[in-house]
Amino acid sequence: MIAASSEQLRTADGVVLEVFHLDSGVPGPTVTLLAGIHGNEVAGIVALAQFAREGLPLIAGRVRLLPVAHPAAHAANLRVSPVDGLNLARVFPGAADGQPTEQLAAAIADRLITGADVLIDLHTSSPDTDMPFFAGCLDDGSPGCDLAVALCEAFGAGTVWTHPANGIGRTVSTAQELGIPALYVESPRGGVLTAETLGDYRDGVLRILAHLDMVDDAPEGRATTLRLHGNGDVDRAASTPRAGFFVTQRTLLDDVAAGEVIGRVIDSDGSDAFVCTAPAGGVITVLRTQAIVSPGDVLFELGTRRA
Ligand SMILES: [Zn+2]
């Protein structure tokens with residue numbers, strides 16, 4: 001077992017990031033693992049904290065662990081910064097002299113993503129909105145995409161979501177600019193952490209390291225039974241124009257046809273305030289779970305099965 005050594009990275013404002021390095025001493029890839037980019041997404045945070053404490057059975061290469069990428073958001077149990085209101089997953093590559101959240105992005109981009117051979121960014125869904133358990137990555141035909149897709153499959157979530165482009169300001173966008181294969185993970189029931197989910201994250205990371213020949217073996221994962229391709233597309237999503245209570249009549253990963261009712265927003269007087277229908281056929285990949293909604297809240301998004 002290779003033990004971790006810790007290092008403290010400091011931003012210009014003096015915020016400390018606790019990083020852990022594990023070095024097998026044998027040539028091989030450098031893998032950077034991030035969690036807590038959104039401070040309230042706990043599965044990856046706990047998995048990486050356990051690896052930092054227990055070590056990893058590395059036989060080659062090096063691993064960089066950052067369990068809590070956004071300490072202020074994590075301390076406040078928030079998705080975004082309680083200091084400047086920014087979403088760390090939208091400000092990469094950041095700015096060393098920028099807002100506090102931009103400073104964090106710059107430190108992570110410069111010290112942890114730069115120089116890595118693979119980036120893995122562990123997220124979960126938010127407590128108010130579900131996403132399935134999946135690994136996702138860019139697949140635009142550029143070099144490195146084949147490896148990223150293979151690592152998504154190796155993670156063993158059962159669902160792989162590939163994208164023709166990365167969104168602006170993501171960790172994976174910075175990796176793309178640096179030519180580093182990158183993937184991210186999402187899972188349902190944000191804010192809830194079961195032993196099974198924690199095990200899924202830990203074992204998935206070990207399967208990626210095994211695929212890279214950095215550990216000898218890893219527990220068997222799920223075979224991929226669903227492959228999605230596309231971007232989170234506003235034409236295939238709906239937000240509510242009205243406040244009320246969202247009553248969903250479908251579940252995550254349901255196939256829906258154009259025009260099918262996904263749910264209704266009910267007014268406090270019991271009347272239908274908004275009937276939420278699918279604008280196109282697809283697979284429900286994002287679904288609001290919290291009933292109380294305000295105008296603008298996303299109710300669902302649809303994904304497309306990979307041809
Ligand atoms: Zn997230």
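The values are calculated or read from the model by the stated rules, or taken from the named source; none is laboratory data. What you are looking at is a predicted structure, and each value in this text was computed from that prediction instead of being measured. Note that each Cβ is placed from the backbone with ideal geometry, even for glycine, and that neighbours are counted across all protein chains shown. Ligands, DNA and RNA are stripped out before the accessible areas are found, and what is left, the full protein with its side chains, is counted by its heavy atoms. Shrake-Rupley method; radii C 1.70, N 1.55, O 1.52, S 1.80 Å.
Below are the figures for this structure:
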{"read-out": "Residue match in segment 174-183 (condition: small (Gly, Ala, Ser), assigned by TED's automatic domain parsing to the domain that holds Leu48 and over 12 Å from the mean Cα position of the chain (by Cα))", "value": "yes"}
{"read-out": "Options Ile168, Ile120: the member that is of a type in the set (Val, Ile, Thr) and part of a loop (DSSP other than H, G, I, E, B)", "value": "Ile168"}
{"read-out": "Lone qualifier among Val160, Val192 - being buried (at least 21 other Cβ atoms within 10 Å of the Cβ) and assigned by TED's automatic domain parsing to the domain that holds Asn87", "value": "Val160"}
{"read-out": "Matching residues in segment 1-50 - criterion: being more than 16 Å from the ligand (Cβ to nearest atom), under 24 Å from Ala76 (Cα atoms) and assigned to a loop (DSSP other than H, G, I, E, B)", "value": "Thr11, Ala12, Asp13, Gly14, Val15"}
{"read-out": "Odd one out for Asp213, checked against (1) at negative phi; (2) open to solvent by 30 Å² or more (accessible area, probe 1.4 Å); (3) among the acidic types (Asp, Glu); (4) at pLDDT 95 or above", "value": "(1)"}
{"read-out": "Condition check for Asp121: under 10 Å from the mean Cα position of the chain (by Cα) and either under 14 Å from Gly44 (Cβ atoms) or not assigned by TED's automatic domain parsing to the domain that holds Phe245 (or both)", "value": "yes"}
{"read-out": "Conditions (1) among the polar types (S, T, N, Q); (2) in contact with a Ser or Thr (Cβ under 8 Å, 6 or more places away or on another chain); (3) surrounded by fewer than 24 Cβ atoms within 10 Å (Cβ to Cβ); (4) under 30 Å from Gly28 (Cα atoms): number failed by Ser81", "value": "(4)"}
{"read-out": "Residue among Ala280, Ala273 that is more than 23 Å from Ser126 (Cα to Cα) and buried (at least 16 other Cβ atoms within 10 Å of the Cβ)", "value": "Ala273"}
